[in-house]
Amino acid sequence: MERLDGTVALVTGASSGFGEAIARSLAAHGATVALVARRRDRLEQLACDIEERAGAALAIGADITQRSEAVAAVQETVDRLGRIDTVVNNAGVMFVDPVEHALLEEWDRMVAVNVNGLLNVAHASLPHLLQAAQQEPRRVADMVNISSVAGIKTGAGVSVYSLTKYGVGAFSESLRQEVAERHVRVSVIEPGSARTELRSHLRAAVQARGRARGSVERLEPDDIADTVAYIVTRPRRVAVNEVVIRPTEQQE
């Protein structure tokens with residue numbers, strides 16, 4: 001693995017779960033990390049934890065579903081840290097139910113966070129990634145978008161969640177083709193079942209149905225953080241475009 005010293009990474013949804021683990025991992029590899037989420041108190045604690053381990057981090061409270069706040073978060077990162085070499089679009093929510101019984105406000109929330117939030121950050125940060133890819137110390141930049149196995153294989157009850165995650169995959173591949181020759185690498189990660197707060201968004205009845213179908217040993221946030229670190233520490237000549245990562249026992 002190459003070190004990330006002298007680079008800056010921006011991670012959305014950094015207040016818990018995958019985002020927190022990813023931020024800690026990138027900091028351990030030498031990046032200064034901009035931590036972006038709505039829960040600023042958690043971000044500040046995470047920044048302190050990273051700095052106690054000789055890392056560097058900046059807490060930025062923002063709701064990325066609001067374009068102005070996403071743009072401001074990116075600009076604050078550049079103003080205070082000087083550049084952006086890596087963006088990890090991790091923020092996401094999941095609500096599942098048959099279409100017949102769905103709550104439309106949950107659909108709206110998934111589209112707002114999983115699609116619009118990602119697009120807001122991607123568009124605002126792309127000029128900075130293109131610039132960083134032409135500069136030392138690495139002369140390459142990365143955007144890593146966190147999707148889901150529901151973005152490659154849908155099923156009953158996950159229609160709109162899958163819609164958002166299929167969209168993440170389509171956007172990632174199109175953008176990859178647009179910027180590959182300028183050494184901005186675009187990657188998508190599709191995790192399976194994981195132990196994060198994402199499942200806590202589900203209503204009790206939905207969680208009960210999931211338990212009734214049995215359980216597997218779920219992925220841990222560090223498993224996804226390790227995957228992100230692997231992707232962004234490859235040599236300039238190597239791009240990892242897509243990673244599907246499931247628990248060993250997960251069949252779907």
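The values are calculated or read from the model by the stated rules, or taken from the named source; none is laboratory data. Remember, it's a predicted structure, so these values are computed and weren't measured experimentally. Positions of Cβ are backbone-derived with ideal geometry, glycine not excepted, and every protein chain shown enters the neighbour counts.
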Residues of the stretch 100-150 that turn out to be out of contact with any strand residue (DSSP E or B) (no Cβ under 9 Å at 6 or more places or on another chain), closer than 19 Å to PHE171 by Cα and small (Gly, Ala, Ser), as a count: 2
Hey, can you tell me all the residues within the stretch 94-110 that are buried (at least 18 other Cβ atoms within 10 Å of the Cβ) and either β-branched (Val, Ile, Thr) or within 18 Å of VAL71 (Cβ to Cβ) (or both)? VAL96
Close pairs (7 angstrom Cβ cut-off, 6 or more residues apart or separate chains): in contact (Cβ under 8 Å) with a residue 60 or more places away in the chain and within 14 Å of ALA239 (Cα to Cα) in the stretch 129-141, among the hydroxyl-bearing types (Ser, Thr, Tyr) and surrounded by 24 or more Cβ atoms within 10 Å (Cβ to Cβ) anywhere: ARG138/THR7
Among the candidates GLY17, GLY82, GLY61, GLY13, single out the residue that is of a type in the set (Gly, Ala, Ser), surrounded by 17 or more Cβ atoms within 10 Å (Cβ to Cβ) and over 20 Å from VAL144 (Cβ atoms). GLY61
Residue pairs qualifying under the 9 Å Cβ cut-off, at least six apart or on distinct chains, with the first in the stretch 158-176 being farther than 20 Å from LEU126 by Cβ and charged (D, E, K, R) and the second being at pLDDT 95 or above and assigned to a helix (DSSP H, G or I), are LYS165/ASN114; LYS165/VAL149; LYS165/ALA150; LYS165/GLY151
For ARG53, state whether it is at pLDDT 95 or above and within 24 Å of PRO137 (Cα to Cα). yes
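Each row is one residue, and each column tells you yes or no for (1) in a helix (DSSP H, G or I); (2) touching a strand residue (DSSP E or B) at 6+ places or on another chain (Cβ under 8 Å); (3) at pLDDT 95 or above.
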{"residue": "ARG3", "(1), (2), (3)": "no, no, yes"}
{"residue": "ALA21", "(1), (2), (3)": "yes, no, yes"}
{"residue": "LEU35", "(1), (2), (3)": "no, yes, yes"}
{"residue": "CYS48", "(1), (2), (3)": "yes, no, yes"}
{"residue": "ALA57", "(1), (2), (3)": "no, yes, yes"}
{"residue": "VAL71", "(1), (2), (3)": "yes, no, yes"}
{"residue": "GLU76", "(1), (2), (3)": "yes, yes, yes"}
